[in-house]
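These notes are about the structure you will find just below.
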Amino acid sequence: MLKKVNVIPIILILGILISIGFTCFYFMNALHYNVSTDPTEKIVEPNFHFVLIVQEMDNPYFSDLLKGARDVAKKSNVSLEYIGTQQTDINEHIKLIEKAIASKVDGILTQGLSNAEFEPVIQKALDKGIPVITVDTDLENSNRISYVGTDNYQAGYIAGLTVMEETKDSANVGIITGSFQSNQHERRVQGFLDAVESNPKIEVLAIESSNLTSIQGTEKTYQMLRDYPTINVLYGTSARDGIGIVGGLDIVKPQLPVRVYTFDDLEETVKLMKDDRIHTIFQQQPYDMGYKSLMLLLDLMKGKEIKSTYYTDIHILRKEDVIDQ
């Protein structure tokens, strides 16, 4: 009678032998692997370490600004760090500037969102020998070295003039602004108000803040249209405001036609324009802001003098301008 053979030990032995074989194979290959030990080969250190700090890191607008700055950094051997808050938070933004100062970076690019909070921390950086250039949003009363971006007051003024030119009878205006605290939005509102102030055909009925979120922009638009059903023009001071305005119009479905004016040619705002939901977009140039501001920091590192202000262009876009995009 044949005895049953226990195959488990045999399988284990075979497995061990195979593992030993693979180990020997890779060990022998490793012995013949050439590793460069050239003492003259050096890792190239970046010339400078700059930091770009923004209020909404995931906003496509700031992605374009970052791209402009990175294009300069790549060709100039500069280390560019990109940091920011997920949503506008002035206190957190200040902390990020403080961290950049503590890290002893060579230069800082940041928005100047509010005078009271930002002026001291920018002065602190300057006292440490770190140059600060404001981008997108200026801090005019500070000692920042330079500003690169839209003339936000003028942009608001252009928006007001545009509404006046397109108003045949009368315009009852509602304004949704990204923030009452941020300098750029305050300037865009004030510019608009100053432009239409002397025109008796135009009346601004309400101004509300979206806190730079589309959801709150929708809520504030909804309430505004319920309180002032005669509104026939809505002006948003940021792309998120324009998107929120359209959301509010979808809920209320006003009987009167409403013209929507907003900022920034983001993918979503352009689509809404193509769909006849947004009438006019005021196009900023974030790529140019990023590119120019980093070039200026490099100029400062080389000891060159730079101007205190560099305004980028603002363009008025309508449907025929974006139809092929």
| said: Among (1) 109, 70, 38; (2) 54, 49, 36; (3) 85, 43, 38, only one was calculated for this model; which label is it, if the read-out is Cα extents along the principal axes in Å? | reply: (1)
| field | Euclidean distance of C-alpha centroids, segment 97-142 and segment 222-260, integer Å | value | 36
| query | Tell me, what % of the accessible area of the chain is carbon and sulfur with a 1.4 angstrom probe? | reply | 53
| said: Students often forget the sequence filter, so: which lysines lie under 26 Å Cα-Cα from Lys304 once same-chain residues fewer than 8 apart are removed? | reply: Lys67, Lys74, Lys75, Lys104, Lys124, Lys128, Lys292
| note | Per DSSP loop assignment and a cutoff of at most 13 other beta carbons within 10 Å, the chain keeps its longest run without exposed chymotrypsin sites (Phe, Trp or Tyr not before Pro) at 34-179
| request: Provide the solvent-accessible area of Asp106, counting protein heavy atoms only and rolling a 1.4 Å probe, rounded to the nearest 10 Å². | output: 60
| query | Farthest toward the dipole's positive end in the chain, which of Ala100, Leu139, Ile176, given Cβ charges of +1 (Lys, Arg) and -1 (Asp, Glu) about the Cα centre? | reply | Ala100
| request: Taking the Cα centre of the chain as origin, work out the dipole magnitude from +1 charges on Lys and Arg Cβ and -1 charges on Asp and Glu Cβ, in debye rounded to 20. | output: 1320
| request: Just tell me which lysines come within less than 19 Å, Cα to Cα, of Lys271; anything on the same chain fewer than 8 places away is out. | output: Lys319
| message | How tilted is helix 286-301 with respect to the longest principal axis of the chain? Cα atoms for both, answer in degrees (0 to 90, nearest 10). | response | 70
| With springs only between Cα atoms under 10 Å, which of Val252, Val270, Val189 fluctuates most in a Gaussian network model of the chain? | Val252
| Residues with amide H under 5 Å of Ala206's amide H, sequence separation 5 or more or different chain, H placed in the peptide plane at 1.01 Å from N; which? | Ile175
| Just from its helices, what would the mean residue ellipticity at 222 nm be for the chain, if runs of 4 or more DSSP H residues each count -39500 (n - 2.57) and the sum is divided by every residue, rounded to the nearest 500 deg cm²/dmol? | -15000 deg cm²/dmol
| field | Cα-centred dipole magnitude for segment 153-230, charges only on beta-carbon of K, R (+1) and D, E (-1), debye, nearest 20 | value | 120
| Whose amide H sits under 5 Å from the amide H of Phe48, counting only residues 5 or more places off or on another chain, with H placed in the peptide plane? | Ser79
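The values are calculated or read from the model by the stated rules, or taken from the named source; none is laboratory data. Bear in mind the structure is a predicted one, so any value in this text is a computation, not a measurement. Note: ideal-geometry Cβ built from the backbone for every residue, glycine included; neighbour counts use all protein chains shown. Ligands, DNA and RNA are stripped out before the accessible areas are found, and what is left, the full protein with its side chains, is counted by its heavy atoms. Shrake-Rupley method; radii C 1.70, N 1.55, O 1.52, S 1.80 Å.
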